[in-house]
Structures are given as C-alpha cells and as structure tokens.
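Below is one structure, written out as structure tokens; comments come after it.
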Amino acid sequence: MVRSAFILVVVLATYWLMLSGYLYKPVLLIVGTISILVVLGLSWRMKILDAETAPYFHGKAAGYYAWLFVEITKANMSVIKAVLSPDMEISPTTTKVPIKQSTDLGRVTFANSITLTPGTIAVVMGESNILVHALFSEMTDAADFKDMGDRAGWAVSDPMLGRIEKGAS
Amino acid sequence: MEQALHYLNVGAAMFLLIGMALLLGRLLSGPTLYDRILAVNSFGTKTVLFLCVFSLIIGRQDGIDIAILYALMNFIATIAVLKFFRYSALDVSMNYSSRGDLSKTVVGKAEMSGEDT
Amino acid sequence: MMEGFTPILLLDMGLLAMLVVVAFAVVRLRSLFAIVMLQGVYSLLSAAWFVSLDAVDVAFTEAAVGAGISTVLMLGAMLLTEREAKPVPFQKQLGPLFIVTIVALAMFYAVGDMPAFGDALSPANSYVGADYIAATKNDIILPNVVTAVLASYRSFDTFGEVVVVYMAGLGILLLLGLNGNAGKWRAKPNGQNITGRKNAAEQREDKP
Amino acid sequence: MDGGVLHMLQFVISALLLAGGVFFVIAGTVGVLRFPDFYTRMHAAGMTDTLGAELVLLGLIVQAGFSQTSLKLALIAFLLFLTSPTAAHAVVGAAHNAGLKPMLGKYRAPALGEAPEVKSEVKPKPKSKSKPKPRTKKKAT
C-alpha cells in the first residue's frame with residue numbers, strides 16, 4: 001500500500017511536470033502538489049491503491065519490450081506482404097492458447113502482447129485459455145505462444161508482491 | 001535544413017491525410033457496425049499522429065496537448081460505443097461479471113446481428 | 001513559390017475537403033449508427049482544423065465535448081429511437097432548404113465586415129485584448145492567457161463554458177461506470193483466488 | 001561544421017523513421033480496405049496502430065531533440081502502446097460476443113475481372129453460441 005502510494009505520487013508528479021513544463025514557478029508547483037494530494041486521497045478512499053493501480057516495473061522488463069518490438073516488426077513484415085500482394089493468400093484460423101499466469105497483470109500483459117503482434121489477436125479471454133484469431137495458419141504455433149507467455153510472465157513478475165499484501169493485511 | 005524538415009513533415013502529414021481519406025471509404029461502406037467502429041478507432045489514431053506532425057509544422061506545442069487528449073478520448077469513446085452495443089445501456093459498470101469462461105458465455109442483453117445496413 | 005500559397009494551406013484544404021465529404025455522407029446515409037460514428041470523425045477533423053487556425057482552446061473543448069460526450073448523447077438518443085432514418089419526402093425538405101440558404105447568404109454577407117486574418121488593428125487585438133495580455137502576467141500567474149481570461153477575468157459570462165467542461169468530465173465518469181461502484185472493487189473473478197488479493201478483499205468484508 | 005553534420009544526421013534519421021511509419025500506416029489502411037472480413041481487417045488496423053504510429057512518433061522525437069515536446073510525444077507513444085491493443089481486443093471481443101462469425105480456411109483475392117466469390121470452409125466454432133437473432137427493433141427499457 002505504501003509502496004503503491006509512493007509509485008503513484010512519483011508518476012503523478014512526473015506527469016504534472018511533463019505537461020506543465022514550469023519547474024521553478026512556485027504557484028504552479030503548489031497547485032500541482034494540491035492536485036496530486038487530492039488524487040492520492042481519492043484513490044485511497046476508493047481502495048484502489050494496490051499493486052494493480054501502480055504496478056512495479058523492474059529494469060529487466062525493458063528487455064521484454066525490446067524483444068516484443070522485434071517480434072512486432074517481424075510479424076508486420078508478413079502481414080504487409082499479404083496486404084500488398086495482388087492475390088493475398090491468407091488462411092484465417094482460430095486457436096485456443098492456454099494461459100499460465102495467475103496474476104491479472106500477467107494475463108493482461110500476455111493477451112496484449114498477442115494483440116500487439118499483428119497477425120494474431122486475442123478474441124476472448126477465458127479462465128484458463130485465450131481464443132486467438134490468426135491471419136495465417138502458420139502463426140498459430142503453440143511453442144511460440146508458450147515462449148511469449150513465459151517471457152510476459154517473467155516481465156511482470158513482482159518479487160515483493162506477496163510480502164506487501166501480507167504486510168498490508 | 002529547417003526548410004527541408006518543414007517539407008518532410010508536410011509530406012508525412014499529407015500521406016496521413018491520404019490514409020484518413022482511404023479509411024473514410026471503409027467507414028462509409030463497412031458492412032457490419034464493427035467495421036465502422038474499427039474504422040473510427042483507426043481514424044482516431046491517425047488524427048493523433050496528424051496533430052503531432054502538424055503541431056511540429058506550425059511550431060506550436062499546444063497541438064500535442066490536444067493529441068494527448070485525443071489519444072485518451074479515442075480509447076474512451078471506443079469502449080463506450082462497444083459497451084452501448086453489448087448492454088444497450090451506458091450505466092453498466094464493467095466489472096468482473098462480464099468475464100467468463102470460453103464454455104459458458106456471458107451474453108449481454110442486447111444481442112444483435114452484425115449487419116447494420 | 002506562389003504568393004501566399006504555403007504547404008500548410010494544402011493540408012488545410014485536405015482537411016476541409018474531408019469535412020465536406022463527411023458532412024454530405026451524414027446527410028445522405030440512412031443508418032443512424034453510421035451517422036453517429038461519422039459525427040465523431042467530423043469532430044476529430046474539425047479539431048485538427050482548429051489547431052491549424054491557432055484556436056487551440058476551441059480545439060481542446062471540441063476534443064473533450066465533440067468526441068466524448070456528444071457521441072454518448074447521440075448513442076443514448078439512438079437507444080430511444082430506431083436504428084434507421086426514414087426518407088423525408090421532397091416537399092418537407094423545401095422549408096429547411098430555404099432557411100439554410102437565407103442563413104448562408106447572411107453569413108457570406110457578414111464575412112465582408114470581418115477584420116482580415118491576423119489584423120493587428122482589429123477590435124479583438126487592439127482594445128481589451130492587449131490589456132488582458134499585459135495584465136495577466138502580474139494579476140494571475142498562470143502562463144496561459146486564454147485560461148486566465150475564461151476562468152478569472154470573465155468567469156461569470158463564461159460560466160456556461162466551464163459547465164460544459166465539467167459536463168464532459170461527468171460524461172467520462174458515466175462511461176467508465178463508476179456509479180454505485182465505489183468501494184465494491186474486489187478482485188474475485190469467478191471465485192478464482194488471485195495472488196494475495198483475496199485476503200485483502202475478505203478483510204474489507206469483515207469491516208462493517 | 002560539426003553542428004551541420006549533426007543536423008544532417010538528425011534529418012536523415014527522422015526522414016527514414018517518418019517514411020517507414022507513413023508506409024506502415026498507408027499499408028495498414030489499404031489492408032483495412034482490402035481484407036475480406038472483419039477479423040482480418042482488424043489485423044491490418046493493428047499494424048497501423050503499432051509499428052506505424054510508433055515509428056512516426058519516434059521520427060518526430062528525433063526531430064524535436066531533447067525538449068518538453070519530445071517528452072510529450074513519448075507520452076503519446078506510450079499511451080497508444082497501452083490503449084490500442086486494449087481497444088482492439090474490446091472491438092473483436094464485442095463482435096465475437098454478438099455472434100459475428102470469422103471467415104476461416106484459405107482465402108484468395110479474386111482477380112480483377114471475376115466476381116468476388118468468398119469460399120470459406122465453415123468450421124464449427126469452438127463454443128456453442130446462441131444464434132444471432134435477426135435484427136429486431138429494440139425497445140427502450
């Protein structure tokens with residue numbers, strides 16, 4: 001809870017400074033502080049100050065996003081080939097992909113990664129699997145999805161999550 | 001060099017406008033209403049990009065603020081429209097009740113066919 | 001390069017041409033849902049055009065109100081009516097056509113009296129406007145003159161405008177479905193236990 | 001002269017990124033126009049949203065240099081990166097929920113002369129859905 005509040009304050013302060021751009025005008029800084037405090041109070045009252053509102057981002061996860069960007073570029077190439085060829089040969093397929101993640105954040109990251117990669121899109125989120133629509137049948141390789149799922153789960157893994165929830169209760 | 005950057009940006013903005021005009025075709029002809037929602041969403045993304053390029057062209061930062069607002073509003077409007085067609089009401093809160101298993105589907109009250117013209 | 005012809009003018013013309021196309025489509029289409037979507041697109045395009053006219057504050061309002069709340073209002077209206085518009089007989093179209101023609105002629109006539117674009121001697125730039133610009137820096141420390149004029153100097157006659165922005169905020173809250181949901185947020189999707197969250201949820205329940 | 005070289009480099013990088021981004025945006029739009037059914041169009045739109053938008057914004061960031069403008073542009077890129085897959089998933093999920101069937105199997109675009117015939121092997125869907133009702137006028141509740 002305290003960690004989430006701290007992350008929220010840091011994010012909000014960065015956002016305010018980024019949008020206003022005045023680092024040395026006291027009036028604007030005071031107004032900004034007031035609005036950050038109001039937001040903090042409201043979210044405390046709504047009881048949404050938890051690991052989901054202010055997720056923890058560890059530096060290693062940047063590697064995941066770099067990997068994802070490469071994947072997106074590769075997938076884009078194959079989609080663009082289909083779009084621009086005169087007889088676009090596509091073979092739309094649907095398939096079910098199992099989800100291993102237990103946290104909401106992990107599930108969302110995995111499903112969003114699938115959707116971000118062009119050619120595959122998460123249609124329905126189930127309890128234990130996702131229905132995926134793919135543009136080419138060769139894109140529905142179970143091993144690829146497993147690889148992506150493992151990486152996504154690793155990227156959002158939060159070593160302190162269990163301890164924090166225990167500490168709060 | 002300034003002049004070259006200016007023309008580069010104008011060219012990019014021009015192509016974005018062409019893309020928007022092409023999407024307008026899908027929006028007008030889209031056979032199902034979901035095609036239209038998709039077209040509007042994509043159109044919004046292109047408008048955000050256009051506003052960014054344009055505010056660099058005219059050298060004013062304020063355009064980028066509007067682009068930020070649009071990036072958010074576009075998302076909210078898309079979700080609102082979809083919510084409208086799923087529940088045929090806007091005051092339904094989107095909580096976990098709408099998430100179900102693949103086998104037992106939670107079907108909204110308003111079930112309507114995809115065809116809309 | 002031609003006198004007065006800049007590449008930005010070309011972009012403006014593109015935007016305006018698309019506005020015309022969208023407007024005609026709105027008039028001609030029968031499917032009301034498509035019309036609502038097209039109105040959203042119209043608002044996007046007109047905001048881009050306002051930015052090009054240097055009217056950034058108007059574009060901001062257009063973005064908040066046009067794209068957000070008016071789409072929702074139109075959808076709400078559609079909920080009460082049918083999904084298709086009935087064709088209007090030609091006789092009934094004559095009256096509105098007459099009114100629209102008169103208004104358009106009046107507006108074209110009025111354009112002749114408008115000051116030239118960017119004229120330093122126009123009323124907007126010469127009398128009070130200059131005072132506001134000079135005084136804002138000391139009176140109100142906010143850097144944006146338009147905000148200072150709207151929210152402070154003329155806060156009573158622009159009260160409506162403030163209400164509009166407030167309504168846009170309310171509309172977003174309506175969309176996100178926060179009504180009656182405060183304090184009930186509990187992560188128990190289909191009874192599944194999500195790492196450590198259940199404890200917190202149960203604890204919340206314990207408290208009366 | 002050093003500054004000139006730096007400016008030249010900035011211009012070239014920015015031009016390459018912008019050209020690539022605009023190419024992806026246009027190709028995505030063409031895909032939205034050409035693809036045969038809603039689900040496949042969604043893939044093309046997603047292409048615009050991811051690589052096209054990010055490349056254009058990256059090109060603009062290179063142009064703006066290190067300033068508040070580029071920070072704001074990076075914020076927009078981040079917001080698009082977060083919201084576009086969510087919006088895409090919401091659209092597809094709603095279409096699926098309403099019973100819009102995806103076209104499965106092989107597809108070839110018809111040549112210019114021939115009539116557009118869509119041949120699709122309709123596979124049984126993975127879940128039993130209630131049939132979409134024919135359009136009925138909805139009453140206000």
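The values are calculated or read from the model by the stated rules, or taken from the named source; none is laboratory data. Remember, it's a predicted structure, so these values are computed and weren't measured experimentally. Cβ atoms come from the backbone with ideal geometry, glycine included; neighbour counts cover every protein chain shown. We work out accessible area using only protein heavy atoms, side chains counted, and drop any ligands, DNA or RNA first. Shrake-Rupley method; radii C 1.70, N 1.55, O 1.52, S 1.80 Å.
Per residue of segment B:34-42, in order, report the coupling 6.51 cos²θ - 1.76 cosθ + 1.60 (Karplus, θ = phi - 60°) as ³J(HN,Hα) in whole Hz, putting x for Gly and Pro.
Values, residue by residue: 5, 4, 5, 4, 4, 5, 5, 4, 5 Hz.
Cα-based Rg (one decimal) and Dmax (whole number) for segment B:2-98, in Å?
16.8, 56
Find the centroid of the Cα atoms in segment C:1-58 and in segment B:1-77, then give the distance between the two in whole Å.
That distance is 11 Å.
Taking the Cα centre of segment A:61-155 as origin, work out the dipole magnitude from +1 charges on Lys and Arg Cβ and -1 charges on Asp and Glu Cβ, in debye rounded to 20.
Charge dipole, segment A:61-155, about its Cα centre: 180 debye, nearest 20.
Between A:Asp141 and C:Ala23, what is the label-point separation in nm under the 7 Å Cα-to-beta-carbon projection?
If labels sit at C:Ala23 and A:Asp141, their model points lie 5.4 nm apart.
Based on the Cβ-Cβ distance of A:Val11 and D:Val5, what FRET efficiency does E = 1/(1 + (r/R0)^6) give at R0 = 45 Å, to the nearest 0.05?
After rounding, the FRET efficiency stands at 0.75.
Show A:Met77, D:Met42 ordered by accessible area, largest first, where the area counts protein heavy atoms only and the probe is 1.4 Å.
A:Met77, D:Met42
What per residue convex hull volume, in Å³, comes out for chain A when only alpha-carbon positions are used?
156 Å³
One quarter of the convex hull surface, Cα atoms only: what value does that give for segment C:13-86 in nm²?
Reported value for the Cα convex hull: 4.7 nm².
Please work out how much accessible surface A:Trp44 shows to a 1.4 Å probe, ignoring ligands, DNA and RNA, in Å² rounded to 10.
Using a 1.4 Å probe on the heavy atoms, I get roughly 150 Å².
In whole angstrom, note down how far apart the Cα centers of segment D:54-107 and segment C:94-113 are.
43 Å
Relative to the longest principal axis of the C-alpha atoms of chain A, give the angle of the C-alpha long axis of helix A:142-155, reported between 0 and 90° and rounded to the nearest 10°.
Roughly 10 degrees between the two axes.
Summarise the partner chain shielding of D:14-21 as one whole number: the mean count of Cβ atoms from other chains within 10 Å of each residue's Cβ.
3
Kindly give Rg over Rh for segment D:2-97, based on alpha-carbon atoms, with the Kirkwood expression for the hydrodynamic radius.
A ratio of 1.11.
Past the 32 Å Cα-Cα mark, which pairs from D:Lys72/D:Lys101; B:Lys83/D:Lys72; A:Lys74/A:Lys100; A:Lys74/D:Lys106?
D:Lys72/D:Lys101
When all protein chains stay in place, what accessible area (Å², nearest 10, 1.4 Å probe) is found for D:Ile26?
Accessible area of D:Ile26: about 40 Å².
For the pair C:Val164/D:Leu82, report the inter-label distance in nm, with labels modelled 7 Å from Cα in the Cβ direction.
About 2.9 nm separates the two model spin labels.
On average, how many beta carbons from a partner chain sit within 10 Å of the beta carbon of a residue in A:71-84?
5
Send over the per residue convex hull volume for segment A:31-111, Cα only, as a whole number of Å³.
189 Å³
Using mean Cβ contacts within 10 Å as the protection proxy, how do D:6-12, D:95-101, B:49-55 order, highest first?
B:49-55, D:95-101, D:6-12
Charges at C-beta only: +1 for Lys and Arg, -1 for Asp and Glu. How large is the resulting dipole of chain A about its Cα centre, in Debye rounded to 20?
The calculated dipole for chain A is roughly 740 debye.
Please calculate the 1.4 Å probe accessible area of D:Val32, with all protein chains present, and give it to the nearest 10 Å².
0 Å²
Using only atoms on other chains, find how many Cβ atoms lie within 10 Å of each Cβ of peptide A:111-122 and report the average.
For peptide A:111-122, the averaged partner shielding equals 6.
Based on the Cβ-Cβ distance from A:Lys60 to A:Leu29, what FRET efficiency comes out when R0 is 30 Å, to the nearest 0.05?
0.35
What is the Cα coordinate range of segment A:2-45 on the first, second and third principal axes, sorted by size from largest, in whole angstrom?
29, 15, 13
Of the options B:Leu82, B:Met14, B:Gly59, report the single residue whose Cα projects farthest towards the positive end of the charge dipole of segment B:2-98 (beta-carbon charges: Lys, Arg +1; Asp, Glu -1).
Comparing the listed Cα positions along the dipole, B:Leu82 ranks first.
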